[in-house]
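This report refers to the structure that appears directly beneath it.
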Amino acid sequence: MQKNQRPQADAGADQSVDGGAPVTIDGLASSDPDGTLSAYAWVQSAGPTVVLQEADQAQARFTAPTVASAANLEFRLTVTDNDGERASDSVSVAVTPTQPNTPPVAIAGPDQSAVAGATVSLDASASHDAEGPVTYAWQQTSGPSFAWQGATDAATVSFTTPTTGADYAVIIGLTVTDTQGLSASDAVVVQVQDPNSDADGDGVPDDRDNCPSVPNPGQEQTGYNLGRGLGDACVDPNVKIPASVDLGTGVTIAKGVKLGDQVTIGDNTRLEQGATIKDGATLGADVSVGEKATVKDGASVGDGSTLGRKATIKAGARLGAQVSVGEKTSIGEDALIGDRCAIGDDSTLKQQVVLGMDVIVGRNTQIKAAAQVGDRASIGEAVTIRAGVVVPADAVIPDGTVVK
């Protein structure tokens, strides 16, 4: 009777992989010179522990661990032949640390000006990510609705500005997402002028009116300077300006505006018809306050910010620079809104809400008291964020979500 020969175990070649990568260790080259192999058994013999799948097959699989420094894993394969003889072999898998993923950078492009009925193109191709490509998502957050010309998931998109019979602003948010799910947001404001608009009703189209919010059909200067050496501030003659108001140069104040005591208004700021600025409020330079919008006692609005029609900024709230607040949106008492945030129409932010910088908030969203939203987060439409919730930086909250 011929003596049984031992099988030959072959655990395959050593490997080098990145942390988090799928790994297959292969014993298919194992053999038995005088019979067949009846069993395979893989076990880990060294290194950070992993979960072996199909450890009783010729090929076993696992996911490489995420490591802070280089690590070496060893695995032993034992094969058994049809006569019960065994043989073993080992294989090493070197695991290299995974570089931490950094969030992408969203660049929606510069703010633009256009006339009603024109095609506006937006270009986010300057957005980038250090680790690879990004995907794009554009979303209108404020202003008259329009139809996109094509898909909204491309780097460049276009739309036609609606004709409304009045000048308006459109705010469009951009969210870019990298291959590992991290996102960043930016927004662009398009100021649209309707050539046929006549906001003050004096018969002079806005594009030829030196004071488009103040009726002066002869285009004469209003003569407002209150002895302060200011230029023509385009102030409606029926607006009462308390002596304690600090009014910058180039300010436009339409009819029906109400100003409280100790109000500060920066250069080139524009207050539309029926706006109310209450005691102690501060408006920076180049601010636009929409029709019937209200800034309450002690609130402040940073340079270059835009408040939509009937927006309300409640007492003590502080808005950073270049913040956009949509129509009929309310910012609660003592809220803190970071630079370059864009908040859509018909949204409510309750008292002591904190938004970091570059946050986008969609239409019809509710953020309850003392909630906090980190930098660059993108909050969809009709979202509810419950009181006290902390939303981390770079988070993306889909439309209709309730965050508890």
- Item | Among (1) 0.96; (2) 1.28; (3) 1.21, the entry that matches Rg/Rh (Cα atoms, Kirkwood Rh) as calculated here | (2)
- Note on the structure: the chain, Gaussian network, Cα under 10 Å: of P48, P110, P133, the residue fluctuating most is P48
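Under the definition of Cα pairs under 8 Å and six or more residues apart, what whole-number percent is the relative contact order of the chain?
Numbers: 1280 pairs, mean separation 32.5, N = 404.
This gives 8 percent for the chain.
Within a Cβ distance under 12 Å of N364, other residues only, what is the Lys/Arg minus Asp/Glu net charge?
Numbers: positive: K328, R363; negative: E327, D345, D346, E381, D399.
Net charge in that neighbourhood comes out at -3.
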- How are the Cα pair distances of region 143-191 distributed, in percent, across 5 Å bins from 0? 5, 16, 25, 23, 14, 10, 5, 2, 1, 0
- Message: Once each part is reduced to its C-alpha centroid, what is the distance from region 88-165 to region 2-55 in angstrom?
- Response: 46
- Query: Which of the pairs K278/K310; K296/K328; K292/K328; K278/K314; K240/K310; K296/K404 have their Cα atoms more than 18 Å apart in this structure?
  - Reply: K240/K310; K296/K404
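Every number here is computed from the coordinates shown, using simple stated rules; none is lab data. The model shown is predicted, which means the values in this text are computed figures rather than measured ones. Virtual Cβ from ideal backbone geometry, glycine too; neighbours counted across all protein chains shown.
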